[in-house]
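The values are calculated or read from the model by the stated rules, or taken from the named source; none is laboratory data. A quick note: this is a predicted structure, and the numbers were derived from the prediction, not measured. Note: ideal-geometry Cβ built from the backbone for every residue, glycine included; neighbour counts use all protein chains shown.
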Amino acid sequence: MSDALARLRRLGEPFMQELSRAQWMVGAGYASEIDLRGIYARHAAALSDDSLAAAREAWRDAAPGSEEQRSARSLLDWQLEAQASRVTAELEERELAWDASAVITLDDGRRLPYQRAAIEIANATDRAERLRLDRARAALVARELAPIRRERFDREREVVAKLDVAPTYIDAIEQVSALPLRSLAGQCEAFLRDTADMSRELLAHSLKRQLGVEVEDAQRSDGLALSRAAEFDAAFPPSDLEPAIRRQLREMGLDPEAGGHIIFDTAEREGKRSRAFCASVRIPEEVYLVLRPHGGASDWQTLLHEAGHSLHFGNMSAALPFEHRWLGDNSVTEGYAMLFDHRMQDAGWLRRYSGLRGADLSRFLRRAAFGELRFIRRYCAKLLYELDLHGGEVPASQLPSRYAERLSEATGFRYSPDDAYADVDPRFYVGRYLQAWQLQAILATELTEQFNDDWWRNPSAGPWLRDVLFAEGQRETAGELAQRVAGRDLTFAPLIADIERLIES
Ligand SMILES: [Zn+2]
């Protein structure tokens, strides 16, 4: 390891700790705003031109396939992201402030905090009200949020182009961020084709039965209402949420708190973000799992997801260098999160830890199959659209309509062009989710082969996950991990098989 990389590690960890702590404070409701520019100023040395040049040189000079190159790639990826974030910090602060304070005005004059919109839309049983809420939300987003985000994406591309690591922004993400966008896009196109008929049939059935809406009228907000599935809430009481999941983790031989490293924060608190998150403030010693409960099955799924992240960060080996604990391919940590949240599609798990039984359980599983298919198709379309957005071949004026076409076609719900910039994950994070989906299916199959169908309560399965996977941090990419653990490539094939199996249940 060169002196330059050692220096980057030394400067990097305190910077990431301070950033992560500030993000946690705001998200958990302990602080009202985040002083991003102050943090970047205090850690200017970590993000200096010298640091970037050192990472770039180390990456170019290292022997292909060496550990040195692996470390250098992660550090360069972090430099690219951090340098871009430094430039867009002011826009990001504006977006956070907007998110916390924006107010929707409905056409009848009522006002509603933007933060509440998604929940209110999903809970609205009156369709006219649902559409009214969503129209007002979309109009506000197009007017106020879209310009901020559009500028942020433009600036980010400019910064990466100037840093001269690869010919295009997409090449930089592929080579330095280790996300194989183009081959993933090909897989997405095939998945959308292969599951089109199944998707159409399931959609028509669910819309008619659950919402009384015809396929040709379905809008994105109807999709939110479909996902809500309030009729199963009684089987997922809020009082059981944390105890049930802690019990399951203990039964599989895992300490839910990873020896005191993980702090559960699931209480209601004024100012807490409505979206749950895991904040690793020091890795592996201080990891917060933050959730603001809304009630029902979705809280359970969210807590499982964030528990997967928390267990990953809380069980990483402290001996790993900075870059393998803090950086790397986030498809891996998302894969662990999804491995846990997919227990909400596991009949045995649901029978043991939730109140679902008999016909309700079968109905819940069939619905989960449809939800799964819809979400993967949505993410496939998002990836293809985000390649349009960042690829430079589609004129900016056509992007909103391209967004609406791609998303509407894939999901069967009409999407609004108003969301073309708001519904975008920075730096192709959507691709990490898609790989995570593929990875969790491979891991679940492997766990079943080693520890049986009920691996989630086999006391040997947890230690295996902890020692063979979590302890390694994010040294490997998701693709490498799938090869090491199961000798397989990441594909959508096992997901299609899982969905078909669920539909039969
Ligand atoms: Zn996640």
- prompt: With Ser401, Ser408 as the choices, which residue is at pLDDT 95 or above, under 18 Å from Arg193 (Cα atoms) and assigned to a helix (DSSP H, G or I)?
  reply: Ser408
task: Spot the failing condition for Asp255; the list is (1) in contact with a helix residue (DSSP H, G or I) (Cβ under 8 Å, 6 or more places away or on another chain); (2) touching a residue at least 12 places away in the same chain (Cβ under 8 Å); (3) acidic (Asp, Glu), and only one is missed.
output: (2)
query: Exactly one of (1) within 16 Å of the ligand (Cβ to nearest atom); (2) farther than 30 Å from Arg155 by Cα; (3) crowded, with 21+ Cβ neighbours inside 10 Å is unmet by Lys382. Its number?
result: (2)
statement: Within the stretch 235-284, restricting to residues that are within 16 Å of the ligand (Cβ to nearest atom) and polar (S, T, N, Q), the one that is modelled with the highest pLDDT is Ser280
message: Condition check: touching a helix residue (DSSP H, G or I) at 6+ places or on another chain (Cβ under 7 Å), farther than 15 Å from Ala142 by Cα and of a type in the set (Asp, Glu). Does Glu386 satisfy that?
response: yes
- line: Exactly one of Gln438, Gln450 is in a helix (DSSP H, G or I), in contact (Cβ under 8 Å) with a residue 24 or more places away in the chain and among the polar types (S, T, N, Q), and that residue is Gln438
message: If the requirement is being farther than 20 Å from Gln440 by Cα and out of contact with any Leu (no Cβ under 7 Å at 6 or more places or on another chain), which of these qualifies: Ser298, Ser280?
response: Ser280
- request: Quickly run through the stretch 8-48 and pick out the residues that are polar (S, T, N, Q) and closer than 13 Å to Gly271 by Cβ.
  value: Ser32
message: Looking at (1) touching a Gly at 6+ places or on another chain (Cβ under 9 Å); (2) part of a loop (DSSP other than H, G, I, E, B); (3) aromatic (Phe, Trp, Tyr), which one does Tyr421 not meet, given that it meets all the others?
response: (1)
query: Is it the case that some residue within the stretch 374-389 is within 26 Å of Arg150 (Cβ to Cβ), among the charged types (D, E, K, R) and not in a helix (DSSP H, G or I)?
result: no
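To keep it simple, each residue is scored yes or no on (1) within 16 Å of the ligand (Cβ to nearest atom); (2) touching a helix residue (DSSP H, G or I) at 6+ places or on another chain (Cβ under 6 Å); (3) over 18 Å from Leu75 (Cβ atoms).
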{"position": "Val290", "(1), (2), (3)": "yes, yes, yes"}
{"position": "Pro293", "(1), (2), (3)": "no, yes, yes"}
{"position": "Ala297", "(1), (2), (3)": "no, yes, yes"}
{"position": "Glu306", "(1), (2), (3)": "yes, no, yes"}
{"position": "Gly314", "(1), (2), (3)": "yes, no, yes"}
{"position": "Glu323", "(1), (2), (3)": "no, yes, no"}
{"position": "Asn330", "(1), (2), (3)": "yes, yes, no"}
{"position": "Glu334", "(1), (2), (3)": "yes, yes, yes"}
{"position": "Phe340", "(1), (2), (3)": "yes, yes, yes"}
query: Does Ala118 qualify as being in contact with a helix residue (DSSP H, G or I) (Cβ under 8 Å, 6 or more places away or on another chain) and either of a type outside the set (Phe, Trp, Tyr) or assigned to a strand (DSSP E or B) (or both)?
result: yes
query: Taking the stretch 183-204 on its own, how many of its residues are in contact (Cβ under 8 Å) with a residue 60 or more places away in the chain and either closer than 30 Å to Ala72 by Cβ or assigned to a helix (DSSP H, G or I) (or both)?
result: 14
- prompt: Counting just the residues of the stretch 342-363 that are within 16 Å of the ligand (Cβ to nearest atom) and not charged (D, E, K, R), which one comes out nearest to Asp299 (Cα to Cα)?
  reply: Met344
